[in-house]
Amino acid sequence: MPVITLPDGSQRSFDAPVSIMQVAASIGAGLAKACIAGRVNGELHDACDLIETDSTLSILTIKDEDGLHIMRHSCAHLFGHALKQLYPAAQMAIGPVIENGFYYDIDLEHRLTDDDIAAIEKRMIQLAKTGYAVVKKVTPRADVIRVFTERNEPYKLELVNDIPDSQVEMNLYYHEEYVDMCRGPHVPNMGFTKAFKLTKFAGAYWRGDSKNKMLQRVYGVAFASDKELKDYLTMMEEAEKRDHRKLGKQLDLFHFHEEAPGAVFWHPRGWTVFQQLISYMRARQEKAGYVEINTPDVMDRSLWEVSGHWFNYRDNMFTTTTEDERVFALKPMNCPGGMLMYAHGQKSYRDLPLRMAEFGKVHRYEPSGALHGLMRVRHFTQDDAHIFCTEGQMAQECQDVVALVLDIYKEFGFENIHIKLSTRPANRIGSDETWDILEAALASSLETMGLPYTLFPGEGAFYGPKLEFVLRDAIGRDWQCGTLQVDMSLPERFDLTYISDDGTRKRPVMLHRALFGSLERFCGILLEHYAGNYPVWLAPVQLVVLPVSEVFADYAQKVVAELRQSGYRVELDLRNEKLGYKIREHAMQRVPYTLVVGEQERATDTVNIRVRGGEVLGNMTIAQLNEHLGQDVARKGRTA
């Protein structure tokens, strides 16, 4: 009879096979009521599943990440239940869990509207309030096929056919009259689904293939409590206001054109921000001992075959063939070019560590449906660096990169930074012994620095493990930006060596490092993080000078000249418009400082200063203003 070991080490013995829910009830009625599912010997199971042998058990509630994930998946089934009640002819495809919620792809002749979505959500709420039981039935394959044939569910039948014949049974989950097929687990009853909302709908090709039928995809979110749902919806409302595509148009920063999908047309003000980022990073890298290089955008296919990218990334590469049948590729990343740069000329241990940085243009084919403003493009700039060092130098170089990236993010106002460590994937190159060394180098670097991290097994690059730096923005959203990867395989593939202090040839270790990642994407993140209110050092226009009337135009031009001489980006507004109108317009353009000049200012050689947000600083001389601006610029975007 089974002995159940709980997470605290305590054990409970039972005289017969026992369900997870029964174990929870034996501990307490409160836990039984909260029990969603369980993890038995590390595997997720429904609360109704029986435990027949000695096992370890973790009982999951809505407070657990796995429990929340299960509830969200059950919400997708709840959507299917409500939809089929309102539209019995709907055919269900797939309904997976995504970040913060779920979606469901459906085939329905009727085109859903906002009113339809509201009606479906209302029905979901009504069904959830009944708290009906979710019944799991392990069903023979032939019966599953019969069920979905009778219910006219061709997409479910296709999914069944894709499952190997060796799987003779499948899970069917019954939500009253609605039936869905799923690996599970699911909630024991729909009383757990209380805080959810349908958010949007869109088109989606079946299985993501444009050759297949276009289905309707309905998205929803679900949380453990009404408060968390409300907080999330409030954040999404704020995110809508901060949408970088809207702000980009409003602030005249950039646009996109159908003749160049996934590529940015930078306007002068947007390009100013972009170049400020490059200038800033260039200065930080130079101070940290990097040299800057530039490598070609187009290189022979053979280079990508050696690196392994051709076999792992071919579908995302743009290629061209010359008249002599030679195949070239627009580079999707900068690494191979960096290795050719290292290979040029013999290197000595005295040359290491060699830190080579590049603002390289890369091109990656993204499906048109995946393109999203600056956040997902096909043509972008990476602030890459490739560091070549000895194995003994690797740990310190890793720590130096981590320290640099964290300090840079803080200068942009990102204080909440989460680090992910992604380890060896199933599809990889290099020996396990090499991966052991590289994974240990990254983990020990973080531990030495006292930095917490989250482990993501199997998520590393095919050539080495990596760190990912996730930034939390001003309204609580997370953005994965910088990466650090350590690599011993590509230097071997490209036969890179250095002359060691004993005169023998040895392989360098290669660190791949990006801090902003994609500069285009980082521009989009900053635009939304600041809501267009760039800190002074980064603002495309830092000051605008407004004469009260044309009588004071000459003095205004003198002020502009002096400020430009000090290196500031200043505009002069001499339009024949009312002063109040011009002040409001420049406030809408998020200009940090508006300087008004009139009779008093000309007489005292001062300017009257209004700060973005409405504060009036009063009159200052240009010297006093320069001192004030210098302090403001020096703060960068730091929050303190």
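Listed values, structure above:
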{"item": "Selection count, region 128-151, where residues are within 38 Å of the chain's Cα centre (by Cα) and without any contact (Cβ under 8 Å) to a residue 24 or more places away in the chain", "result": "1"}
{"item": "Identity of the residue in region 582-640, surrounded by fewer than 18 Cβ atoms within 10 Å (Cβ to Cβ) and of a type in the set (Asp, Glu), that ends up farthest from PRO547 (Cα to Cα)", "result": "ASP632"}
{"item": "Residues located in region 12-33, provided they are open to solvent by 40 Å² or more (accessible area, probe 1.4 Å) and in a helix (DSSP H, G or I)", "result": "MET21, GLN22, ALA25, SER26, ILE27, ALA29, GLY30, LEU31, LYS33"}
{"item": "So GLY345, is it free of Cβ contacts under 8 Å to residues at least 12 places away in the same chain, open to solvent by 30 Å² or more (accessible area, probe 1.4 Å), outside any loop (DSSP other than H, G, I, E, B) and not acidic (Asp, Glu)", "result": "no"}
{"item": "Candidates GLY80, GLY67, GLY9, GLY38 - the one that is modelled with pLDDT under 95 and either of a type in the set (Gly, Ala, Ser) or surrounded by fewer than 21 Cβ atoms within 10 Å (Cβ to Cβ) (or both)", "result": "GLY9"}
{"item": "Condition broken by ASP8, with the remaining ones in (1) assigned to a helix (DSSP H, G or I); (2) free of Cβ contacts under 8 Å to residues at least 12 places away in the same chain satisfied", "result": "(1)"}
{"item": "Condition met for VAL486 (of a type in the set (Val, Ile, Thr), closer than 20 Å to ASP407 by Cβ, surrounded by 20 or more Cβ atoms within 10 Å (Cβ to Cβ) and touching a Pro at 6+ places or on another chain (Cβ under 7 Å))", "result": "no"}
{"item": "Odd one out for ARG146 among (1) under 24 Å from ILE70 (Cβ atoms); (2) open to solvent by 80 Å² or more (accessible area, probe 1.4 Å); (3) assigned to a helix (DSSP H, G or I)", "result": "(1)"}
{"item": "Scope region 152-178; condition over 37 Å from the mean Cα position of the chain (by Cα) and surrounded by 13 or more Cβ atoms within 10 Å (Cβ to Cβ); matching residues", "result": "GLU176"}
{"item": "The listed residue being in contact with a helix residue (DSSP H, G or I) (Cβ under 9 Å, 6 or more places away or on another chain) and over 20 Å from ASP226 (Cα atoms), out of VAL97, VAL160", "result": "VAL160"}
{"item": "Entirely in region 487-590, the helices (runs of 4 or more DSSP H) that have 2 or more residues that are within 30 Å of ILE429 (Cβ to Cβ) and touching a residue at least 40 places away in the same chain (Cβ under 8 Å)", "result": "489-493, 519-529"}
{"item": "Scope region 113-137; condition over 18 Å from ILE70 (Cα atoms) and not in a helix (DSSP H, G or I); matching residues", "result": "THR113"}
{"item": "Residue selected from region 493-506 under the condition modelled with pLDDT under 95 and within 34 Å of the chain's Cα centre (by Cα), by the criterion surrounded by the most Cβ atoms within 10 Å (Cβ to Cβ)", "result": "PHE494"}
{"item": "Long-range neighbours under 6 Å by Cβ, at least six apart or interchain, first residue farther than 15 Å from LEU406 by Cα within region 435-459, second in a helix (DSSP H, G or I) and open to solvent by 30 Å² or more (accessible area, probe 1.4 Å)", "result": "ALA441/ALA395"}
{"item": "Verdict on PHE201 being closer than 19 Å to HIS77 by Cβ, open to solvent by 50 Å² or more (accessible area, probe 1.4 Å) and not in a loop (DSSP other than H, G, I, E, B)", "result": "yes"}
{"item": "Subset of region 46-64 (residues that are assigned to a loop (DSSP other than H, G, I, E, B), hydrophobic (A, V, I, L, M, F, W, C) and open to solvent by 10 Å² or more (accessible area, probe 1.4 Å))", "result": "CYS48, ILE62"}
{"item": "Filter result (exposed (fewer than 15 other Cβ atoms within 10 Å of the Cβ) and either touching a Lys or Arg at 6+ places or on another chain (Cβ under 6 Å) or not acidic (Asp, Glu) (or both)) within region 99-118", "result": "HIS110, ARG111, THR113, ALA118"}
{"item": "Matching residues, region 213-224, being open to solvent by 40 Å² or more (accessible area, probe 1.4 Å) and within 17 Å of LEU78 (Cβ to Cβ)", "result": "ARG217, TYR219, ALA224"}
{"item": "Residues (exposed (fewer than 14 other Cβ atoms within 10 Å of the Cβ) and part of a loop (DSSP other than H, G, I, E, B)) located in region 263-295", "result": "GLY289, ASN294"}
{"item": "Breaking point among (1) touching a helix residue (DSSP H, G or I) at 6+ places or on another chain (Cβ under 8 Å); (2) closer than 29 Å to ASP315 by Cα, for HIS379", "result": "(1)"}
{"item": "Selection from region 296-316 of residues that are closer than 26 Å to PHE388 by Cα, of a type outside the set (Phe, Trp, Tyr) and not in a strand (DSSP E or B)", "result": "PRO296, ASP297, ARG301, SER302, LEU303, GLU305, VAL306, SER307, GLY308, HIS309, ASN312"}
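Results for (1) in contact (Cβ under 8 Å) with a residue 24 or more places away in the chain; (2) open to solvent by less than 40 Å² (accessible area, probe 1.4 Å); (3) over 23 Å from the mean Cα position of the chain (by Cα), shown as yes or no for each residue.
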{"residue": "ASP180", "(1), (2), (3)": "yes, yes, yes"}
{"residue": "HIS186", "(1), (2), (3)": "yes, yes, yes"}
{"residue": "LYS194", "(1), (2), (3)": "yes, no, yes"}
{"residue": "LYS211", "(1), (2), (3)": "no, no, yes"}
{"residue": "LYS241", "(1), (2), (3)": "yes, no, no"}
{"residue": "LEU253", "(1), (2), (3)": "yes, yes, no"}
{"residue": "PRO261", "(1), (2), (3)": "yes, no, no"}
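The values are calculated or read from the model by the stated rules, or taken from the named source; none is laboratory data. Note that this is a predicted model, so its numbers are computed, not measured. Heads up, the Cβs are rebuilt from the backbone with ideal geometry, glycines too, and the neighbour counts pull from every protein chain shown. In case anyone asks, the SASA skips ligands and DNA or RNA and just uses the protein heavy atoms, side chains included. Shrake-Rupley method; radii C 1.70, N 1.55, O 1.52, S 1.80 Å.
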